[in-house]
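Heads up: the structure comes next, in structure tokens.
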Amino acid sequence: MEKIKRENYLSILKNFKDKQIIKVITGIRRCGKSTLLELFQEYLKENGVLNEQIVSINFENADYEELQDRKKLHEYLKSKLIKNKKTYIFLDEVQNVYQFEKTVDSLFINKDVDLYITGSNAYLLSSELATLLTGRYIEVKMLPLSFKEYMSTFEDKTDISKKFRNYLRYSSFPQSIELYNINSDNIDMFLDGIYNTILFKDVMKRKGITDKSVLERVTKYLYNNIGNKTSMKNISDNIEGLERNSSYNTVSNYVEALIDSYMVYKVNRYDIKGKEYLKTQEKYYAIDIGLRYYMLGQSSGRDMGHILENVVYLELLRRGYKVYIGKIDDLEVDFVAKNSEDTIYYQVALTTRDENTLERELIPLKKINDNYPKYILTMDDDLDADFDGIKKINVIDWLL
């Protein structure tokens, strides 16, 4: 299978090529970070960069185990530098190197080095490293495949609804497409591998968590409650096996670790009228709906309204927005999407064919007094509609 061209991410690396800035690519395991580096290296070679100018190390590969010692890594990289030519250095899953930031910092000083690093844990840009590298890096936040990227892998563009169902059920991780083409039964085994590796390596090992069974219950609770207002108290009250005295701190620690590993995303609330960010009743969304099916079983697919919300949330992140849950008086707007230039409001519903449902979705948007765009995204396949400037759009059309 050909590599999927991740043009959004690739274009960022091309734009920052040869700039005196560290390119940091973050994202959950198996979302395509290593492939992105390979695609970029191919681009470099097509544009006159010689093989010996490219140094690429994947620290998940046992062949490079001894280079997990930062001093040995530094000596090795120094020996690979080419005098009077740019050397392109790629350090994949660099969080496996203890105190890697010191090596990164010393490489950055060299004007003939163009440096790219990836990691599967937010530890990569912990406050210490971010402070050390302030103003000297850009972060490329990578997610699994968008539906548009997923569709790009098919020559046959018909039966889009079925392909969308498969995109949800069989995962948006790039490798899942290849596995589905062989045998869809393989996908649960693949997702099991991702799930257990993240829980053990990126959560338990990194945070010193020892009770896997409680961690799994917290993870399943969050995945089962995507799109619902959630607090640490909600979780601790619903998780068996937690000592009541320590449950709040324990749950908070577990949830933070799951966010750091990119398994879940926390979305805070925003008061639209008061223009202030709120610190309570946040919501959580899953990195991948296929992973949710794997963890919770087929019946989890009944919650299609919240599944669509999850898909829309991730797509807004891909499009470069900061995303919040909107509060307007005592009503809620599913998403307030903000960037440096724009604000857009979204309601997401499975269908609004019923007039009462339509009115319920419209009321919060009608209460907003500004002139920013407002949308309702649904699975309805009737023609796009406009309600006093509020546009209703088919969610699959919007994703594509």
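The values are calculated or read from the model by the stated rules, or taken from the named source; none is laboratory data. Treat the numbers as computed from the prediction; the structure is a model and nothing was measured. Cβ coordinates were reconstructed from backbone atoms using ideal geometry, including for glycine residues, and neighbour counts include every protein chain displayed.
Can you tell me which residues in the range 111-135 are of a type outside the set (A, V, I, L, M) and surrounded by 15 or more Cβ atoms within 10 Å (Cβ to Cβ)?
Just the residues of the range 111-135 that are of a type outside the set (A, V, I, L, M), to begin with: 111-112, 114, 116, 118-121, 123, 126-128, 131, 134-135.
D114, Y116, T118, G119, S120, N121, Y123 - these are the residues of the range 111-135 that are of a type outside the set (A, V, I, L, M) and surrounded by 15 or more Cβ atoms within 10 Å (Cβ to Cβ).
Does N181 satisfy being touching a residue at least 40 places away in the same chain (Cβ under 8 Å), farther than 24 Å from T26 by Cβ and buried (at least 16 other Cβ atoms within 10 Å of the Cβ)? Write out each step before concluding.
Numbers: touching a residue at least 40 places away in the same chain (Cβ under 8 Å): yes; farther than 24 Å from T26 by Cβ: yes; buried (at least 16 other Cβ atoms within 10 Å of the Cβ): no.
Criteria not met by N181.
When you look at L44, is it out of contact with any Phe, Trp or Tyr (no Cβ under 7 Å at 6 or more places or on another chain) and either of a type in the set (G, A, S) or modelled with pLDDT of 95 or more (or both), yes or no?
Numbers: out of contact with any Phe, Trp or Tyr (no Cβ under 7 Å at 6 or more places or on another chain): no; either of a type in the set (G, A, S) or modelled with pLDDT of 95 or more (or both): yes.
Answer is no for this residue.
Go through (1) over 25 Å from L222 (Cα atoms); (2) among the small types (G, A, S); (3) touching a residue at least 60 places away in the same chain (Cβ under 8 Å) one by one and return the number of the condition G290 breaks.
G290 satisfies every listed condition except (1).
I194 versus (1) part of a helix (DSSP H, G or I); (2) in the same structural domain as R30 (by TED's automatic domain parsing); (3) in contact with a Lys or Arg (Cβ under 6 Å, 6 or more places away or on another chain): which is the lone unmet condition?
All conditions pass for I194, except number (2).
Go through the range 1-42 residue by residue and tally those that are among the β-branched types (V, I, T) and in a loop (DSSP other than H, G, I, E, B).
So in the range 1-42, the residues among the β-branched types (V, I, T) come out as 4, 12, 21-22, 24-26, 28, 35.
Then keep just the ones that are in a loop (DSSP other than H, G, I, E, B); that gives 4, 21, 28.
Here the count works out to 3.
Report, by residue number, each residue of the range 197-212 that is not in a helix (DSSP H, G or I) and not acidic (D, E). Step through it out loud before you land on a result.
Residues of the range 197-212 that are not in a helix (DSSP H, G or I), as a first pass: 208-211.
The answer is G208, I209, T210.
Using the structure shown, decide if I4 is in contact with a helix residue (DSSP H, G or I) (Cβ under 8 Å, 6 or more places away or on another chain), more than 29 Å from F173 (Cα to Cα) and of a type outside the set (D, E, K, R).
It is false that I4 is in contact with a helix residue (DSSP H, G or I) (Cβ under 8 Å, 6 or more places away or on another chain), more than 29 Å from F173 (Cα to Cα) and of a type outside the set (D, E, K, R).
Given the structure, is D192 surrounded by 18 or more Cβ atoms within 10 Å (Cβ to Cβ), among the charged types (D, E, K, R) and under 30 Å from S126 (Cα atoms)?
Numbers: surrounded by 18 or more Cβ atoms within 10 Å (Cβ to Cβ): no; among the charged types (D, E, K, R): yes; under 30 Å from S126 (Cα atoms): yes.
The answer is no for D192.
In the list Y150, Y195, Y180, which residue meets the criterion of being more than 21 Å from E38 (Cα to Cα) and within 19 Å of the chain's Cα centre (by Cα)?
Details: Y150 fails: more than 21 Å from E38 (Cα to Cα); Y180 fails: within 19 Å of the chain's Cα centre (by Cα).
So the residue among Y150, Y195, Y180 that is more than 21 Å from E38 (Cα to Cα) and within 19 Å of the chain's Cα centre (by Cα) is Y195.
Given the condition of a type in the set (A, V, I, L, M), touching an Asp or Glu at 6+ places or on another chain (Cβ under 9 Å) and closer than 28 Å to M379 by Cβ, answer yes or no: does some residue in the range 222-235 qualify?
As a first pass, look at the range 222-235 and keep what is of a type in the set (A, V, I, L, M): 222, 226, 232, 235.
Then drop every residue that is not touching an Asp or Glu at 6+ places or on another chain (Cβ under 9 Å), which leaves 226.
So of that shortlist, the ones also closer than 28 Å to M379 by Cβ come out as 226.
Yes, because at least one residue in the range 222-235 is of a type in the set (A, V, I, L, M), touching an Asp or Glu at 6+ places or on another chain (Cβ under 9 Å) and closer than 28 Å to M379 by Cβ.
In this structure, is T343 within 20 Å of K266 (Cα to Cα), touching a strand residue (DSSP E or B) at 6+ places or on another chain (Cβ under 8 Å) and polar (S, T, N, Q)? Before the answer, list the steps.
Numbers: within 20 Å of K266 (Cα to Cα): yes; touching a strand residue (DSSP E or B) at 6+ places or on another chain (Cβ under 8 Å): yes; polar (S, T, N, Q): yes.
Criteria met by T343.
Filter the range 259-304 for residues that are small (G, A, S) and surrounded by fewer than 15 Cβ atoms within 10 Å (Cβ to Cβ); which is farthest from I226 (Cα to Cα)?
G274
Kindly establish whether S231 is within 14 Å of M295 (Cα to Cα) and either modelled with pLDDT under 95 or not assigned by TED's automatic domain parsing to the domain that holds S11 (or both).
No: the conditions fail for S231.
I need a count of the residues in the range 346-374 that are without any contact (Cβ under 8 Å) to a residue 60 or more places away in the chain, within 15 Å of D271 (Cβ to Cβ) and either touching a helix residue (DSSP H, G or I) at 6+ places or on another chain (Cβ under 7 Å) or surrounded by 18 or more Cβ atoms within 10 Å (Cβ to Cβ) (or both). Before you say what the answer is, go through the steps one by one.
Here is the first cut: in the range 346-374, the ones without any contact (Cβ under 8 Å) to a residue 60 or more places away in the chain are 346-367, 369-374.
Next, only the ones that are within 15 Å of D271 (Cβ to Cβ) stay: 364, 367, 369-370.
Filter once more, so that each one left must be either touching a helix residue (DSSP H, G or I) at 6+ places or on another chain (Cβ under 7 Å) or surrounded by 18 or more Cβ atoms within 10 Å (Cβ to Cβ) (or both): 364.
Residues flagged as without any contact (Cβ under 8 Å) to a residue 60 or more places away in the chain, within 15 Å of D271 (Cβ to Cβ) and either touching a helix residue (DSSP H, G or I) at 6+ places or on another chain (Cβ under 7 Å) or surrounded by 18 or more Cβ atoms within 10 Å (Cβ to Cβ) (or both) within the range 346-374 amount to 1.
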